[in-house]
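So the structure is just underneath, and the comments pick up after that.
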There are 2 protein chains.
Amino acid sequence: MAQRQPGVPTRADDLTAKARIRNAALDLFAAHGVDATSLRAVAAAAGVTVGLIVHHYGTKEALREAVEFAIVEQFAETIASVPLGSYPPDQIAAERDRAVAAMLSANQATVDYLRRAILDGSAQRGDLVSRLSRLSAQQVHDLREAGVASTKHTVGEQVVTIMVRQLGRLFLQPLVDRIADEFADDTGASGRPHLVVDVSH
Amino acid sequence: MAQRQPGVPTRADDLTAKARIRNAALDLFAAHGVDATSLRAVAAAAGVTVGLIVHHYGTKEALREAVEFAIVEQFAETIASVPLGSYPPDQIAAERDRAVAAMLSANQATVDYLRRAILDGSAQRGDLVSRLSRLSAQQVHDLREAGVASTKHTVGEQVVTIMVRQLGRLFLQPLVDRIADEFADDTGASGRPHLVVDVSH
DNA sequence: CGCCATACTATACAACTGTACAGACGTTGG
DNA sequence: CCAACGTCTGTACAGTTGTATAGTATGGCG
């Protein structure tokens, strides 16, 4: 085998090997779960050897953390793509929601990974869910500073509402789809049912 | 070690070894996932050796199927515990819903296992979700025969509604709890947020 | 009693896991 | 030019996995 990127990482075929490994890991972790995904499977999908994964990330756990870090980055960048001044104050929140929804629907692997992460719920500080929650909290805080967001509820309540409405529908959709498929011939052409997920305080 | 149940399985300490294995498997599968649970862990939890699991169930896959079969049975029995004649026709459906909800809240492991099963979504016929869907469909069918259930929607739509409303809240609750915990000191004593899950056709 | 079916243990094994490590290659800085 | 460095491969290893199997004990039944 020829080595692809010797010396300083050039971007010959689109992506660094390190990035390709991380992307392949996200896809496989999302599809089959972290435990059920071997480093060898990741290596094969990324077109590298197991040794290189260890070289770049050290351990499987560290690779998982890198994947989660990338997901948080993805959220942060998406939110930052709709800065405070870009829309009338009363539309910022809605516009950010739309941006996040668009990002998620374009990255099924991210959604699938998140679903598993929340499910397994390690519940430890520094967790993926914790970090996303803090990101949401920061967003709520910013909007309040700008005098936009309501202060009728606590920040915690607003974060729960944002995250559950954003993610809840995505998590439950597979269940709806499964059952809809089950009765596909029966449902008539009435189309997919529409999910409603919300929280009340 | 002394063997516990020689010959015909007596019910010396509460349960057959075979049943203890199945229960232990349900608990561990629910808590950590099937893949992450070794037969040795199941054996230890059930107080038997690995060999006995193989003896009774053959393969890990067969053990998983036995666990799922037991779950379906649990649903079926719960529904059957509220027979058609036991309540006024217009209350049967609601009463059965209540019975299922009570059964689920008393069996956290079942809920957790179901959450994982739906998540992984093997999407194959004979699947756990498929079997539960068919159970729901049967229920809807029965209620229609008795002239109780509405025929305004298709059976498929009604099954989706039943399953999503039953299970959706249970699946999303961990997410809500996680975030609520994250902001526990912030939320004030406003109590846990209440989840709303529904489908519209 | 003798015999067999069953419940059960113990050990063994091949496959696969994550991790470690030695080295090959090409680039870069002095 | 050459030593140092980062990227990358290949192999090796100890631990764990699911499964197979040989063997032991025990109760029921002729």
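With +1 on each Lys and Arg Cβ and -1 on each Asp and Glu Cβ, how big is the dipole of chain A about its Cα centre, in debye rounded to the nearest 20?
Working: 21 positive and 24 negative charges, 118 e Å.
For this selection, approximately 560 debye.
Kindly express, to the nearest 10 degrees and within the range 0 to 90, the angle between helix A:92-106's C-alpha long axis and the longest C-alpha principal axis of chain A. Helix A:92-106 sits at roughly 40 degrees to that axis.
A DSSP coil position with no more than 15 other Cβ atoms inside 10 Å describes the following trypsin sites (Lys or Arg not before Pro) in the stretch A:43-151: A:ARG125. Distance between the pseudo-spin-label points of A:ARG144 and A:GLU65 (7 Å out from Cα toward the beta carbon): 3.1 nm. Could you tell me which residue out of B:ALA94, A:MET163, B:LEU39 lies farthest along the dipole of the protein assembly as shown toward its positive end? Charges go on the beta carbon: Lys and Arg +1, Asp and Glu -1, centred on the Cα centre. So the residue we want is B:LEU39.
With no solvent and one equal point scatterer per Cα, compute the Debye intensity ratio I(q)/I(0) for chain A at 0.13, 0.14, 0.15 Å⁻¹ and report its log10, rounded to two decimals. Taken in order of the listed q values, log10 I(q)/I(0) reads -0.86, -0.95, -1.04. Straight Cα distances below 25 angstrom link A:LYS60 to the lysines A:LYS18, with same-chain residues fewer than 8 positions distant left out.
Here is the interface size for A with B: some 3900 Å² of accessible area buried, both sides summed, with a 1.4 Å probe. To the nearest 10, the accessible area of A:HIS56 is 70 Å² with a 1.4 Å probe.
On the basis of the beta-carbon distance and an R0 of 56 Å, B:ASP90 and A:SER86 show a calculated FRET efficiency of 0.55.
Viscosity 1.306 mPa s, temperature 10 °C: give me the Stokes-Einstein translational D for the protein assembly as shown in µm²/s, with Rh taken as the Kirkwood radius over C-alpha pairs. Don't skip to the end; give the middle numbers.
On the way: Rh = 24.0 Å.
Roughly 66 µm²/s, to the nearest whole number.
The apolar share of the surface of the stretch A:14-58, taken as the fraction of accessible area on carbon and sulfur atoms (1.4 Å probe, ligands and nucleic acids excluded), comes to 56 percent. Looking at the stretch B:63-182, the accessible area is 45 square angstrom per residue; that uses a 1.4 Å probe and ignores ligands, DNA and RNA. Here the calculated FRET efficiency for A:HIS55 and B:ALA31, from their Cβ-Cβ distance with R0 = 35 Å, stands at 0.55, rounded to the nearest 0.05. The mean sequence separation of alpha-carbon pairs under 8 Å and at least six residues apart, normalised by the residue count of chain B, gives a relative contact order of 16 percent. Between identical copies, the spacing of B:PRO89 label points, each set 7 Å from Cα toward the C-beta atom, reads 6.0 nm from nearest to farthest.
Each Lys and Arg Cβ is given +1 and each Asp and Glu Cβ -1; about its Cα centre, the protein assembly as shown then shows a dipole of about 800 debye.
Here the stretch A:13-48 and the stretch A:52-119 have alpha carbon centers that stand 18 Å from each other. Computed from label points 7 Å out along Cα-Cβ, the spacing between A:ALA184 and A:VAL72 is 4.0 nm. Helical runs assigned H by DSSP (4 residues or longer) give chain B a calculated mean residue ellipticity at 222 nm of -21000 deg cm²/dmol, each run adding -39500 (n - 2.57) before division by the residue total.
Across the stretch A:14-58, the relative contact order, built from alpha-carbon pairs under 8 Å that are at least six residues apart, equals 41 percent. Overall shape of the stretch B:63-182 was characterised from the C-alpha gyration tensor. The equivalent ellipsoid obtained from it has semi-axes of 25, 17, 15 Å, in decreasing order. Across the identical copies, the label point of A:THR151 (7 Å from Cα in the Cβ direction) is separated from its matches by 5.9 nm, in order from shortest. Projecting 7 Å from Cα along the Cα-to-Cβ direction, the label point of B:ASP35 sits 0.9 nm from its equivalents in the other copies, listed shortest first.
The values are calculated or read from the model by the stated rules, or taken from the named source; none is laboratory data. Keep in mind that what you see is a predicted model, and the values were worked out from it rather than measured. Cβ: placed from backbone, ideal geometry, glycine included. Neighbour counts: every protein chain shown. These accessible areas exclude ligands, DNA and RNA; they are computed on the full protein's heavy atoms, side chains included. Shrake-Rupley method; radii C 1.70, N 1.55, O 1.52, S 1.80 Å.
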